[in-house]
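The values are calculated or read from the model by the stated rules, or taken from the named source; none is laboratory data. None of these values were measured; they are calculated from a predicted model. With ideal geometry, Cβ positions are generated from the backbone for all residues, glycine too; neighbour counts draw on all protein chains shown. Side chains are part of the model used for accessible areas, which takes the heavy atoms of the whole protein and leaves out ligands, DNA and RNA. Shrake-Rupley method; radii C 1.70, N 1.55, O 1.52, S 1.80 Å.
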Amino acid sequence: MTASHRKRVLAIVLAGGEGKRLMPLTADRAKPAVPFGGIYRLIDFALSNVVNSGYLKIVVLTQYKSHSLDRHVTQTWRMSTMLGNHVTPVPAQQRVGKHWYLGSADAIFQSLNLVRDEKPDIVVVVGADNIYRMDFSQMVDQHVETGAACTVAAIRQPIELSDQFGVIDVQPDDPSRIRDFLEKPTDAEGLPDSPGEILASMGNYVFDADALVEAVTRDSTLHGSKHDMGGDIVPAFVRRSQAGVYDFKNNAVPGVTERDRGYWRDVGTIGSYYAAHMDLVSPLPVFNLYNFDWPIYTSYGPQPPSKVTQGDQGQPALTEEALLSPGTVVSGGSVKRSVLSPATFVGPGAEVADSVLMNGVRVGAGAVVRNAILDKNVVVPPGARIGVNAQDDLDRGFVVEDGLTVLGKDHPFPS
């Protein structure tokens with residue numbers, strides 16, 4: 001047994017993200033609650049990673065339009081209480097004043113009662129809206145072995161992309177230690193072992209519990225602080241030479257192949273969200289949903305099997321490079337390079353291509369849907385055309401972004 005396995009660990013999932021760049025998908029829900037891959041929510045990937053890592057005491061800090069997120073966590077993520085295991089959604093509570101969370105660090109500061117109640121030795125802090133697999137226990141092992149008070153998970157990126165990330169500058173003589181934390185630099189230095197790469201922060205952290213409590217408490221009194229974990233808390237540990245870095249390339253998850261090892265995607269824009277879905281429907285996707293050694297857990301309700309059948313007039317059905325969730329029915333329609341979420345329906349003669357359809361979407365007979373994202377319960381009338389002509393879609397009040405037509409939840413189709 002390693003030293004870290006004797007430590008008490010509490011996991012905190014930061015799930016208060018507003019997700020403005022994912023509008024209109026976030027018009028009625030928090031970013032971590034956005035559906036992904038047919039049956040999942042974005043938060044399922046973070047929670048599955050934490051649970052698969054062996055950490056079963058988890059709090060989820062929510063804030064922005066959190067009802068569907070709270071409901072999903074409460075109904076899906078249940079554990080045996082005999083040993084005190086739990087996944088608990090905690091909304092903003094104004095415990096320290098008449099204000100909501102001012103940032104990710106303030107969210108933790110206002111929730112320190114949870115840390116004090118649990119009395120952990122180590123706190124793992126993770127974001128709730130990226131797509132990846134990661135064994136956090138390996139990061140905790142390194143954190144304990146190096147004696148750092150704070151450890152930041154980082155992923156290697158080409159140096160020419162350094163102006164798009166928070167960049168971690170490592171100590172030349174000890175690449176596990178952080179020398180500086182740079183926000184979107186234009187003159188970043190390459191890594192000692194790979195001059196063409198930099199380390200970008202993944203937004204996942206491991207802290208000694210007492211050090212985290214002290215850091216967010218001190219930060220709460222600093223005027224001018226944005227009360228952000230990456231922007232304020234980590235740099236404070238760096239200035240005191242107490243911050244380490246965990247290189248994501250060293251993370252070895254069971255069942256992962258060389259092709260999908262190190263996969264991590266920020267799906268915070270419509271374009272990146274769509275691209276990640278198109279990877280899933282490709283013949284050999286980079287991210288493998290079928291890794292049963294490190295499963296992604298979720299719940300999609302009491303849905304029947306998916307069904308592909310001829311239409312009412314004998315029209316043939318065709319599916320090609322598609323993910324069909326439970327409860328979907330393709331009745332004499334064509335579905336190509338698309339993701340269909342539970343309870344979607346594609347009618348006779350309809351065509352769905354290069355699209356993402358969320359729960360309960362109905363595509364009427366003869367309709368055409370291309371290059372589109374249709375949120376929950378959108379009804380496409382028979383014969384309608386979406387994603388075929390951008391100007392037509394704009395004239396109907398639809399969102400068109402990055403060559404994609406996006407309809408929000410329950411969006412009515414103009415007559």
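Checked against (1) small (Gly, Ala, Ser); (2) within 24 Å of residue 41 (Cβ to Cβ); (3) at pLDDT 95 or above, residue 408 passes all but condition (3).
Here's the yes/no breakdown for (1) basic (Lys, Arg); (2) touching a helix residue (DSSP H, G or I) at 6+ places or on another chain (Cβ under 7 Å):
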position	(1), (2)
325	no, no
336	yes, no
345	no, no
357	no, no
360	no, no
382	no, no
394	no, no
406	no, yes
409	yes, no
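Restricting 118, 160, 145 to those that are open to solvent by 20 Å² or more (accessible area, probe 1.4 Å), in contact with a Lys or Arg (Cβ under 7 Å, 6 or more places away or on another chain) and either at pLDDT 90 or above or within 24 Å of residue 297 (Cα to Cα) (or both) reduces the list to 118.
Under the condition of being under 26 Å from the mean Cα position of the chain (by Cα) and either farther than 18 Å from residue 22 by Cβ or of a type outside the set (S, T, N, Q) (or both), the residues counted in the range 353-368 number 7. In this structure, residue 90 does not qualify as modelled with pLDDT of 90 or more and in contact with a strand residue (DSSP E or B) (Cβ under 6 Å, 6 or more places away or on another chain). Each residue in the range 254-278 was checked for being farther than 23 Å from residue 26 by Cβ and either touching a helix residue (DSSP H, G or I) at 6+ places or on another chain (Cβ under 8 Å) or open to solvent by 20 Å² or more (accessible area, probe 1.4 Å) (or both), and 8 of them qualify.
For the range 183-222, a residue qualifies if it is open to solvent by 50 Å² or more (accessible area, probe 1.4 Å) and not polar (S, T, N, Q), and the qualifying residues are 183, 184, 187, 189, 192, 193, 195, 197, 210, 214, 218, 222.
What about residue 406, is it more than 18 Å from residue 281 (Cα to Cα), under 28 Å from the mean Cα position of the chain (by Cα) and either among the acidic types (Asp, Glu) or part of a strand (DSSP E or B) (or both)? Criteria met by residue 406.
Apart from one condition, residue 39 fits all of (1) touching a Phe, Trp or Tyr at 6+ places or on another chain (Cβ under 9 Å); (2) closer than 19 Å to residue 342 by Cβ; (3) surrounded by fewer than 22 Cβ atoms within 10 Å (Cβ to Cβ); the exception is (3).
Yes/no matrix, rows are residues, columns are (1) within 27 Å of residue 283 (Cβ to Cβ); (2) surrounded by fewer than 19 Cβ atoms within 10 Å (Cβ to Cβ):
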residue	(1), (2)
332	yes, no
335	yes, no
342	yes, no
349	yes, no
387	yes, no
393	no, no
412	no, yes
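Looking only at the range 354-385, filter to residues that are of a type in the set (A, V, I, L, M, F, W, C) and open to solvent by 10 Å² or more (accessible area, probe 1.4 Å); which one of those is nearest to residue 27 (Cα to Cα)?
Looking at the filtered set, the residue picked out is 379.
Here residue 101 meets each of (1) open to solvent by less than 40 Å² (accessible area, probe 1.4 Å); (2) assigned to a helix (DSSP H, G or I); (3) at pLDDT below 90 with one exception, condition (2).
Where strands (runs of 3 or more DSSP E) fall wholly inside the range 332-402, the ranges with 1 or more residues that are in contact (Cβ under 8 Å) with a residue 40 or more places away in the chain, over 16 Å from residue 319 (Cα atoms) and not polar (S, T, N, Q) are 372-374, 399-401. Exactly one residue among 281, 245, 286 is closer than 22 Å to residue 323 by Cα, among the β-branched types (Val, Ile, Thr), open to solvent by less than 20 Å² (accessible area, probe 1.4 Å) and within 22 Å of the chain's Cα centre (by Cα), and that residue is 281. Considering only residues in the range 211-268 that are touching a strand residue (DSSP E or B) at 6+ places or on another chain (Cβ under 7 Å) and β-branched (Val, Ile, Thr), the one that is farthest from residue 123 (Cα to Cα) turns out to be 267.
With a requirement of 3 or more residues that are touching a His at 6+ places or on another chain (Cβ under 9 Å), none of the strands (runs of 3 or more DSSP E) lying completely within the range 218-313 satisfies it. Within the range 314-325, being open to solvent by 70 Å² or more (accessible area, probe 1.4 Å) and either closer than 25 Å to residue 133 by Cβ or not in a loop (DSSP other than H, G, I, E, B) (or both) holds for 318, 320, 321. Listed conditions (1) part of a strand (DSSP E or B); (2) at pLDDT below 90 are all met by residue 155, apart from (2).
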